[in-house]
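Q: This is the structure, below, for whatever I ask next.
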Amino acid sequence: MMVDSQYILPNDIGIATLDCNEAFRLLSPEERLYAHYLSRACWYGGLVVLLQTSPESPAIYVLLSRLFRAQDPAELGELARSLGLSEEEYQALLVYAAALYANMGNYKSFGDTKFVPNLPQEKLKKLVWASQAFKEHPEQMEALWGRCGNPMFSLEPRQKHLGLSDEGISTYFSLNCTMEDAKLAQDFLDSQNISAYNTRLFKTEVDGKVTYEVRLASVVSDDAQLDDDMTAKMKCFQFGGCVFNVTFGDYAPLLQKVVENLQKAQPHAANATQAEMLTHYVTSFTQGSIAAHKEGSRCWIRDKGPIVESYIGFIESYRDPYGSRGEFEGFVAVVNKAMSANFARLVAAAERLLEELPWPRAFEKDTFLKPDFTSLDVLTFAGSGIPAGINIPNYDDIRQTDGFKNVSLGNVLAVAYSTQKEKLTFLAEEDKDPYIKWKGPSFEVQVGLHELLGHGSGKLFVQDDSGAFNFDQEAVINPETGELIRSWYRGGETWDSKFSSVASSYEECRAECVGLYLCLNKEVLSIFGLEGEDAEDVIYINWLNMVRAGLLALEFYTPESGTWRQAHMQARFVILRVLLEAGQGLVSLRRTTGADGKPDAVITLDRSKICTVGKPALERFLRKLQVLKSTADVVGGRALYEAYSAVTDEEPERFLTLRHTVLLRKEARKLFVQANTRLEGKDVVLVQYESSAAGLIRSFRDRFPEDAEVLEQQLLQLAQADAHFWKS
């Protein structure tokens, strides 16, 4: 079986345990109970992601779960070998299962590319048929294989990537939806003041008449159980010559378990603000109300410096092809006090640092609302993947008026960005040792600046529904044109709804640019304990890491459709283009031949020109990004961003050719093994697992000890009910 390496995972993929033993040990009994029930809520909600990823993901999850619940990975391995599977083939199955659990679906969370088992389909089928799970429930296992056996291995063009219409698969939309349908639906949602965050869109067409179902995620689906505000949304609307039916109850049984565990956590909350936050979350998930989730988010912002930190809901919109719908995510983490002290000092300096950003004062928020900024050791992170840092909530109106929180995930950083010299690609030999030495510290600085002063900066000019402006429209001058600004956001419009599919990457690019720009500031570096030559080295490695990441980003570009599959990596490619365009030898990129005789490349950065050439180029670009964002200039913003995002084979870089080299030498992202918490009497104990594919599988085998079968049945029923929407 010859499969393109893009779509399989290597048997030696990095797998690391997310260590939180010391942080958990220091919690009080009440804090442990609070963390336990919040973790349970997150894990149950994380199963929603299977339904948000692909039509076959729930069935694959259930098939694998039943295999490994009936037989431990070691025992199943003995059976596999007796059936003629090689060690490599069985290891490939373990890696596939581990990756499916870690990504909550059969598409990579970072890059949205499908991955398939790296062993023959008939051998996997033979193992399933011989398994203990099959012996106990032959009809169920055969039916499961019938649902997912072929889709699991299929690499039909449309199934290779997540996307909309002919560009990929998305379970946020029925198969017949196009980008035009998504735009019409967004206009409808805006007209009714309905957020897209917790919705999916299903289209039916009968005799030329189009009907859309906008389905909201909620426990209840009957209007008799909804409050008045939500009942008003549950009706049939005529809009744009089509019918829109707003319904409720998406993911209901899974959200019911989320709600139950949030309610169990409530008595163990540290204060009234935490308890109120959980009340709003319960209302949100029960009623499908984003307004209630916003109220919970406001409480979360007010809950300063908690020992146990958590956030949960439909949050990041990276994987919605239109850019408006949120993937379910929930995390529970414990504060790392030593590292948090650095971030607290950065927050204290934030107002001074904001003044250095290259846009006029009118383009900055009227008041900087000082956020919590803490370093956390993750106990639980349920969803499709684990980031290194987070700036939330993502609601623009709350960011502008109530503020936000930043978190850096310390135990993620500790293992995710460790690097082996022999696996370092595309760097000059003399850069490799300093890169290994300073990558961790430089990334810590970049994450801090990116989250706090990147995502936390910049004003949006808004005219609300009453006609009132949040700026003086007779005085604010566009620094790019020298004229009064001529565009702004109208009532109901948000950054996501306005800039849609380009919004996530554009914003990540802006935040990355802020990090690069402000890491040149000596005060910032001293906050992180970096002085003199060490500080200069961190600046150099931070900039070098960014341009290298811009080259690595080519893995996440799809030439066939001309689209990017990962927001952060597109952003880094754009920055590479900006710095290459600056010229004067700042960045050099040359194609070479490796020691193995295969194509290779080397990227270099002239550290003596970072301040003289790099900084002015970044300053000009960053100012343009902010002005276009502030003024809701979608046409100008898209034109700028898409021009720098273009991947061509033009000289001198020949990026399309370089993409083949990047794919040839790519390294798979690490998978994380997370702990479980377990009640023993009135105490909560932490159960950790080994850093291996088998360890990751065992962690999921133990994750739902009391109701795994019920959950699996619910997942299958939910997936089956909507299966017709993804049949071509």
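The values are calculated or read from the model by the stated rules, or taken from the named source; none is laboratory data. A quick note: this is a predicted structure, and the numbers were derived from the prediction, not measured. Neighbour counts run over all protein chains shown; Cβ positions are idealised from the backbone, glycine included.
Q: Filter the range 473-486 down to residues that are in contact (Cβ under 8 Å) with a residue 12 or more places away in the chain and surrounded by fewer than 18 Cβ atoms within 10 Å (Cβ to Cβ) and give me whichever is farthest from R361 (Cα to Cα).
A: Taking the candidates together, the pick is R486.
Q: Condition (residue is over 30 Å from K235 (Cα atoms), in contact (Cβ under 8 Å) with a residue 12 or more places away in the chain and assigned to a strand (DSSP E or B)) applied to the range 154-162: is it met by at least one residue?
A: yes
Q: Which of (1) part of a loop (DSSP other than H, G, I, E, B); (2) surrounded by fewer than 16 Cβ atoms within 10 Å (Cβ to Cβ) does L119 not meet, given it meets every other one?
A: If we test L119 against (1) part of a loop (DSSP other than H, G, I, E, B); (2) surrounded by fewer than 16 Cβ atoms within 10 Å (Cβ to Cβ), just (2) comes out false.
Q: Determine whether the range 238-247 contains at least one residue that is surrounded by 23 or more Cβ atoms within 10 Å (Cβ to Cβ), of a type outside the set (V, I, T), over 28 Å from S384 (Cα atoms) and touching a Phe, Trp or Tyr at 6+ places or on another chain (Cβ under 9 Å).
A: Yes: one or more hits.
Q: Which of the numbered conditions does A80 fail, given that it passes all the others? Conditions: (1) closer than 20 Å to E329 by Cα; (2) assigned to a helix (DSSP H, G or I); (3) small (G, A, S); (4) touching a Lys or Arg at 6+ places or on another chain (Cβ under 9 Å).
A: (1)
Q: Which ones in the range 394-424 are in contact with a strand residue (DSSP E or B) (Cβ under 8 Å, 6 or more places away or on another chain) and in a loop (DSSP other than H, G, I, E, B)?
A: N394, F404
Q: I would also like to ask the following. With the structure loaded, tell me whether L216 is over 18 Å from H724 (Cα atoms) and in a strand (DSSP E or B) or whether it fails that test.
A: yes
Q: Tally time: how many residues in the range 667-696 are at pLDDT below 95, closer than 18 Å to A35 by Cβ and of a type in the set (G, A, S)?
A: Total meeting the criteria: 1.
Q: Can you tell me which condition L124 does not meet? The list is (1) surrounded by 20 or more Cβ atoms within 10 Å (Cβ to Cβ); (2) under 23 Å from H568 (Cα atoms), and all the others hold.
A: (2)
Q: Out of D222, D166, D190, D207, which single residue is at positive phi and either touching a strand residue (DSSP E or B) at 6+ places or on another chain (Cβ under 9 Å) or acidic (D, E) (or both)?
A: Of D222, D166, D190, D207, the one residue that is at positive phi and either touching a strand residue (DSSP E or B) at 6+ places or on another chain (Cβ under 9 Å) or acidic (D, E) (or both) is D207.
Q: Name the residue that is nearest to the chain's Cα centre (by Cα), counting only residues in the range 679-728 that are touching a residue at least 40 places away in the same chain (Cβ under 8 Å) and assigned to a strand (DSSP E or B).
A: Filtering first and then ranking leaves L686.
Q: Quickly run through the range 528-574 and pick out the residues that are among the hydroxyl-bearing types (S, T, Y) and part of a helix (DSSP H, G or I).
A: Y540 - this is the single residue of the range 528-574 that is among the hydroxyl-bearing types (S, T, Y) and part of a helix (DSSP H, G or I).
Q: Determine the pairs where a residue that is free of Cβ contacts under 8 Å to residues at least 60 places away in the same chain, located within the range 344-362, has a partner that is among the aromatic types (F, W, Y) and surrounded by fewer than 14 Cβ atoms within 10 Å (Cβ to Cβ) with Cβ atoms under 9 Å apart, the partner being 6 or more residues away or on another chain.
A: Listed by first residue and then by second, the contacts come to nothing, as the list is empty.
Q: I've got another one for you. Please go through the range 292-324 and pick out each residue that is surrounded by fewer than 22 Cβ atoms within 10 Å (Cβ to Cβ), assigned to a helix (DSSP H, G or I) and not aliphatic (A, V, I, L, M).
A: Of everything in the range 292-324, those that are surrounded by fewer than 22 Cβ atoms within 10 Å (Cβ to Cβ), assigned to a helix (DSSP H, G or I) and not aliphatic (A, V, I, L, M) turn out to be K294, E295, R298, C299, R302.
Q: Same structure, new question: Quick check on my filter: what residues within the range 363-376 are surrounded by fewer than 22 Cβ atoms within 10 Å (Cβ to Cβ) and among the acidic types (D, E)?
A: Result: E364, D366.
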